[in-house]
Amino acid sequence: MPLGHIMRLDLEKIALEYIVPCLHEIGFCYLDNFLGEVVGDCVLERVKQLDRAQRGGLRGHQLPLVSHRPAGPVLREPAGQILSWFLNEEGCEAISFLLSLIDRLVLYCGSRLGKYYVKERSKAMVACYPGNGTGYVRHVDNPNGDGRCITCIYYLNKNWDAKLHGGVLRIFPEGKSFIADVEPIFDRLLFFWSDRRNPHEVQPSYATRYAMTVWYFDAEERAEAKKKFRNLTRKTESALTED
């Protein structure tokens, strides 16, 4: 069966003996050949179909400028022509399978993630860099305590040559004397802490570059962030009413 090698993987062992130690020691890690070519191709084909559909749906419409934290299902980043959208996870068995494996890996990490207790994650978001030299400036995914604790990125770029195509994710681990360059090669799954420990940037891409991202939330920090948002919303509504 095409999925046989995945089903034989000891995901718990990978989580506890590789992902957890790497996160604590250097703040990031990645797994190559995660799904295998057959399943990875299914994910890639579905993403390409969605990309074509999104671009077709946006023709003739003004594209909004948005912040790094997306608020809607389709957006265009201000740093360049980066098209991003949230996935309907029920639309493709291969994508659902991929996300279920990532979920299992993170859940197997369990209480070994330090102060974090993970109970939920974001929807999966796909970003497409069109290959015209667009990159993404250095930033932190969660600089202000919004609940995100682990960033997971799955790359879908076949025959990627960083010397020709660029598109490297450069991580600047806090307090370390090195930087880390992660090439966005096909079927690579990357994990890193989402907070200020891992500022990162996407260097200019000169070929179409696909990346699928999910964020895992710490339950306590996420609840506190939601509480702050609700309080802020109430204060704003109250001020508007008084005016």
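The values are calculated or read from the model by the stated rules, or taken from the named source; none is laboratory data. This is a predicted model, so every value here is computed, not measured. Heads up, the Cβs are rebuilt from the backbone with ideal geometry, glycines too, and the neighbour counts pull from every protein chain shown. Accessible surface is based on the protein model in full, side chains and every heavy atom, while ligands, DNA and RNA are left aside. Shrake-Rupley method; radii C 1.70, N 1.55, O 1.52, S 1.80 Å.
Please indicate, with yes or no, whether at least one residue in the stretch 182-192 is under 22 Å from residue 124 (Cβ atoms), open to solvent by less than 50 Å² (accessible area, probe 1.4 Å), assigned to a strand (DSSP E or B) and among the aromatic types (Phe, Trp, Tyr).
yes
If the Cβ limit is 7 Å and pairs must be 6+ apart or interchain, which residue in the stretch 102-126 that is within 23 Å of residue 47 (Cα to Cα) and at pLDDT below 95 pairs with which residue that is among the small types (Gly, Ala, Ser) and part of a helix (DSSP H, G or I)?
none
Would you mind stating whether residue 195 is within 23 Å of residue 98 (Cβ to Cβ), touching a strand residue (DSSP E or B) at 6+ places or on another chain (Cβ under 8 Å) and in a loop (DSSP other than H, G, I, E, B)?
In short, no.
Quick one: count up the residues across the stretch 81-124 that are open to solvent by less than 40 Å² (accessible area, probe 1.4 Å) and assigned to a loop (DSSP other than H, G, I, E, B).
Qualifying residue count for the region: 6.
Could you grab me the full set of residues in the stretch 158-173 that are under 18 Å from the mean Cα position of the chain (by Cα) and either within 12 Å of residue 131 (Cα to Cα) or among the acidic types (Asp, Glu) (or both)?
Listed by number, the list holds a single entry, 167.
List every residue pair whose Cβ atoms lie under 8 Å apart, where the two residues are 6 or more positions apart in sequence or sit on different chains, the first residue falls within the stretch 202-216 and is within 15 Å of residue 163 (Cβ to Cβ), and the second residue, located anywhere, is among the basic types (Lys, Arg) and modelled with pLDDT of 95 or more.
That search, which allows pairs on different chains as well, returns 203/170.
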